[in-house]
Structures are given as structure tokens and as C-alpha cells.
Amino acid sequence: MTLSLSVPRSLQLISSMADRHQQPHQAQNQNHQQHRLSAQTRPSHTSFLSKLQGHVPNSTQLIGLLTLLVSGGILLLLTGITITVTVLGLIFFTPILIVSSPIWVPLGTVLFLTAAGFVSMCGFGAAVVGGLSWMYRYFKGMHPPGSDRVDYARSRIYDTASHVKDYAKEYGGYLHSKVKDAAPGA
């Protein structure tokens, strides 16, 4: 046999009407009290964990972070090894370099001048070959890059020379007649 406790329907209606007619500040106070009670019954570490779960990176970000940490650690290790070997090399080889410097300085100077001369001669040779190749294509009429500028410059020089020639003819006769006027017997 089961016992059922039921609240009469009239009491439920009265309770709901009373809740509707409560003052707004009373309802807010009641909400705040319920929130405080739920916060007191709930442990504080769960709220921290729930906040932390909102900022948890996904697996792609986690793998990227791990890759960054591993590669950064390897590079840091290699940097330390490089600096250590360099310092030890300088400590070991400095006395040898000081003792043998009368040989290394003239030898280094000769090697530097030889290498600089060789590199510059290769550069000049490449420039000459390029220039001759361009000239060959230009005179054969193949129109290499820049040939239109050369043609324009050539026409400007020709026009200027013809203007100077015309000017000299015009004013040269004038000067010749002035010279005859100044010296009639000449």
C-alpha cells in the first residue's frame, strides 16, 4: 500500500498567486539567497575547474605547443654546445695563432688579394661577354632588351648634331661677314 501526499489544489493556487505579487526586490533577494546557498554547498574547486575548462586548448594547439617546446629546447641545447666549442677552440688555438702569426698575416694577405683578383676578373669577364653578346644581337637586328632606348638616344644625338650644324652655318656666315667688315683687307 502506498501513501500519497498531495497538496490540495487551492493551496497551490494561493502559493503561485503570492509568488506573482511579491515585490521585485524581494524576488531578487530570494534569488541571491538561493545562489549563495548553492555556492556554499558546491565546493570552490569545481568553479575553478569549470572556468579552466573554458580555456582548455584543443589537441591541435597542444601538439603545436609541444612541437614548439621540443624544437626550442633542441635549438637552445645546440646554441649552448656551439658557444662552448667556440670558447674552447679559442682557448686552445689562440697560443698557436700568436706564435705562428708572422706566417699567417702575409699568407692571408696574399690569399685575399689573389681571391679578390680572381673574383673581379671573373666578374669583368662576364660583363664583357654579356656586352659583346648584346652588341652582336643589336647589330644583327634581333632587338635585345634596351635597344629601343639606344635607338632613341642615337636619334636625339643625331638631331642635336644637325641643329648645331645648321646653327653654325647660319651664324658662321654672320661672323664671317663681321670679320670682313672689321678688317676689309683681310
## Note on the structure
The simple spin-label model distance between residue 85 and residue 109, using points 7 Å out along Cα→Cβ, in nm, is 3.4 nm
### Task
Only residues of the stretch 120-144 count here: report those whose backbone N is under 18 Å from the spot 7 Å along Cα→Cβ of residue 154, or say none.
131-144
### Whether the stretch 55-155 is rounded, prolate or oblate, judged on the alpha carbon gyration tensor where a/c under 1.5 counts as rounded
oblate
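Values quoted throughout were computed directly from the atomic coordinates according to the rules given, and no laboratory measurement underlies them. Treat the numbers as computed from the prediction; the structure is a model and nothing was measured. Backbone-built Cβ (ideal geometry, glycine too); neighbour counts: all protein chains shown.
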